[in-house]
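Asks: Before we start, here is the structure in question, set down as structure tokens.
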Amino acid sequence: MTILYDYLVIGGGIVGLSTGYSLLQKYPSAKIAILEKEPELAFHQTGHNSGVIHSGIYYKPGSLKARFSREGGELLRSFCTSHEIPYEMCGKVIVATEQNELPLLQNLYNRGRENGISLSLINREQLQEIEPHASGLQAIHVKDAGIVNYKQVAQALAKVIKASGGDIFLQAKAEKITEGTEGIEVECSRQTYRTRYLINCAGLHCDRIAAIQGLQTKMKIIPFRGEYYELKPEKKHLVKHLIYPVPNPSFPFLGVHFTRMIDGHIHAGPNAVLSLKREGYRKTDFLWKDFAEVMTYPPFWKIARQHFGEGWKEMVRSFSKSVFVHSLQRLIPEVQAADLVRSENGVRAQALTHDGKLVDDFLIVSNQRSIHILNAPSPAATASLSIGREIAGKIPEPHRAPIIRLGR
Ligand SMILES: Cc1cc2nc3c(=O)[nH]c(=O)nc-3n(C[C@H](O)[C@H](O)[C@H](O)COP(=O)(O)OP(=O)(O)OC[C@H]3O[C@@H](n4cnc5c(N)ncnc54)[C@H](O)[C@@H]3O)c2cc1C
């Protein structure tokens with residue numbers, strides 16, 4: 001007889017683990033399990049990102065991203081302190097390098113003020129006191145930004161979950177979901193798991209999990225690869241903290257930037273190119289099913305037309321190191337192609353709706369017996385503990401989770 005769990009989470013990334021952690025904090029005696037298809041946790045987005053603790057400056061006031069990145073950032077810092085995970089609130093600069101970026105910088109500054117972020121507008125000289133090698137006309141200095149290794153955070157969350165009685169199953173890929181009077185059954189290749197309530201935190205595959213449960217989500221995940229270079233050790237002195245460009249407000253990505261990682265390496269990137277495989281970390285990675293799904297999805301062509309110019313620039317930057325370096329030289333003129341070596345890439349899960357909109361905010365959809373996190377791109381790692389707390393707050397108490405058949 002298989003155990004009937006109160007809560008089953010699909011996905012062992014930082015969002016799934018934060019959710020399991022929050023549920024056990026709220027309901028310590030609940031039976032919880034996390035299913036992860038890979039042989040280790042945090043294998044995808046959580047283990048392949050910039051490691052920045054975002055302040056929340058970029059996001060629309062009142063949005064979940066704005067609220068959760070601020071609240072989540074605080075929860076994250078206090079979790080790191082109690083679990084002895086190194087992090088540093090090193091601050092960051094967002095630099096305008098051309099006259100036409102100054103109004104955008106001012107808008108961003110106003111938005112940051114509205115979001116209650118600690119920041120200041122600084123001139124060229126003040127910028128160079130913070131980042132001696134950076135060049136720009138004007139910049140925003142954001143004090144509330146920092147760095148951490150999210151894989152370490154995920155591992156610490158897993159440790160707490162296990163110590164609190166939760167189960168974590170690796171190499172457990174959810175393939176089929178059926179609902180009956182005895183709960184929801186999730187079939188994996190080696191075992192079937194039963195639960196009263198299901199939580200979908202499957203990142204790059206969240207739309208597919210929702211679909212196999214019969215949910216009409218009206219969206220699809222589009223995978224965007226982010227490619228990174230790394231500064232050679234002898235050039236690490238060029239970057240003290242985090243140096244970002246002014247982002248294009250109509251594009252959901254932040255532009256290539258310099259990031260000092262918590263282990264001392266300096267990363268440059270990521271760009272944003274369509275990945276031909278959902279978990280395609282290399283340019284040559286291709287999966288027919290994933291590729292065909294994007295190409296036959298009409299809303300993709302709508303955004304491809306809308307963002308043709310920006311998308312084309314990103315493609316060129318992907319194939320030409322000199323173009324990539326040229327973008328970086330806008331921030332640090334003395335950086336040269338020879339100073340940079342390729343580093344590990346990441347793939348972002350970005351939701352695109354049937355009416356052709358890239359979903360801007362986090363998207364959480366629930367029905368009577370399940371909840372689905374359908375858009376959790378950056379800053380979801382920063383915000384993860386807040387997302388987990390929100391989900392735990394929306395879910396019925398363990399014994400109240402209803403066991404009834406859902407309409408399809
Ligand atoms: C290049 C890049 C840079 C980023 N930089 C930052 C940053 O600096 N700061 C920040 O806050 N955020 C950043 N992000 C965003 C952040 O990394 C993600 O928002 C966050 O990691 C999402 O976590 P997740 O748990 O939803 O997804 P994931 O970490 O992808 O986890 C989902 C998990 O579900 C598992 N899974 C999928 N399907 C199944 C199945 N059928 N059965 C079982 N398991 C399954 C996967 O194997 C995976 O482990 C960045 C992302 C990228 C890609």
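Asks: Could you identify the single residue in Glu314, Glu344, Glu310 that is open to solvent by 60 Å² or more (accessible area, probe 1.4 Å), touching a Phe, Trp or Tyr at 6+ places or on another chain (Cβ under 9 Å) and either not β-branched (Val, Ile, Thr) or not in a helix (DSSP H, G or I) (or both)?
Replies: None of the other options fit; the residue is Glu344.
Asks: Right, something else. If you go through region 248-264 one residue at a time, how many are modelled with pLDDT of 95 or more and open to solvent by less than 20 Å² (accessible area, probe 1.4 Å)?
Replies: 3
Asks: For Phe224, which of the numbered conditions (1) surrounded by fewer than 23 Cβ atoms within 10 Å (Cβ to Cβ); (2) assigned to a loop (DSSP other than H, G, I, E, B); (3) near the ligand (Cβ under 9 Å from one of its atoms) fails to hold?
Replies: (2)
So that you can scan it fast, the table gives a plain yes or no per residue for (1) farther than 21 Å from Leu352 by Cβ; (2) out of contact with any Lys or Arg (no Cβ under 7 Å at 6 or more places or on another chain); (3) not aromatic (Phe, Trp, Tyr):
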{"position": "Ile177", "(1), (2), (3)": "yes, yes, yes"}
{"position": "Ile184", "(1), (2), (3)": "yes, no, yes"}
{"position": "Thr192", "(1), (2), (3)": "yes, yes, yes"}
{"position": "Ile199", "(1), (2), (3)": "yes, yes, yes"}
{"position": "Cys206", "(1), (2), (3)": "no, yes, yes"}
{"position": "Gln213", "(1), (2), (3)": "no, yes, yes"}
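Asks: Could you grab me the full set of residues in region 206-220 that are open to solvent by 40 Å² or more (accessible area, probe 1.4 Å) and outside any loop (DSSP other than H, G, I, E, B)?
Replies: Arg208, Ala211, Ile212, Lys220
Asks: Filter region 268-283 for residues that are more than 9 Å from the ligand (Cβ to nearest atom) and in a strand (DSSP E or B); which is farthest from Glu344 (Cα to Cα)?
Replies: Leu274
Asks: Taking only region 284-307 into account, find how many residues are part of a helix (DSSP H, G or I), farther than 28 Å from Ser343 by Cα and of a type outside the set (A, V, I, L, M, F, W, C).
Replies: 6
Asks: How many residues are in a strand (DSSP E or B) and open to solvent by less than 40 Å² (accessible area, probe 1.4 Å) when one looks only at region 81-110?
Replies: Counting residues in region 81-110 that are in a strand (DSSP E or B) and open to solvent by less than 40 Å² (accessible area, probe 1.4 Å) gives 5.
The values are calculated or read from the model by the stated rules, or taken from the named source; none is laboratory data. Treat the numbers as computed from the prediction; the structure is a model and nothing was measured. Glycine also receives a Cβ, built like all others from the backbone with ideal geometry; neighbour counts cover every protein chain displayed. Note: accessible area is taken over every heavy atom of the protein model, side chains too, but ligands, DNA and RNA are not part of it. Shrake-Rupley method; radii C 1.70, N 1.55, O 1.52, S 1.80 Å.
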